[in-house]
Amino acid sequence: MNDVTLKIDGMSCGHCVGQVRNALARLDGVQTHQVTVGQASVSYDPEAVAVAAIIEAVTRAGYEVRAVERAA
Ligand SMILES: [Cu+2]
């Protein structure tokens, strides 16, 4: 599993956190660790899902992924 933190623009409240959490939960191969206003930390299986698909899911939920930071 790879660990990344998504920096997300457009989130402002608990509703946004729930929307992002739900979008991530629908993806196979993704484990969501923490979602707060402005960022989400997840682990993903690179054999099951691409980072691009994770970004797309967040985008479809109505938010903008500004950066993806990989954990060391
Ligand atoms: Cu909100």
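Of note:
- Breaking point among (1) exposed (fewer than 13 other Cβ atoms within 10 Å of the Cβ); (2) on the phi > 0 side of the Ramachandran plot; (3) away from the ligand (no atom under 16 Å from the Cβ), for GLY62: (3)
- Filter result for VAL4 (assigned to a helix (DSSP H, G or I) and either surrounded by fewer than 17 Cβ atoms within 10 Å (Cβ to Cβ) or in contact with a strand residue (DSSP E or B) (Cβ under 9 Å, 6 or more places away or on another chain) (or both)): no
- Count - residues of the range 7-56 that are in contact (Cβ under 8 Å) with a residue 40 or more places away in the chain, part of a helix (DSSP H, G or I) and not hydrophobic (A, V, I, L, M, F, W, C): 1
Rule-based calculations on the coordinates, nothing more; no lab input. Quantities reported herein were computed from a predicted structural model and do not represent experimental measurements. Cβ sites come from the backbone with ideal geometry, for glycine too, and all protein chains shown count toward neighbours.
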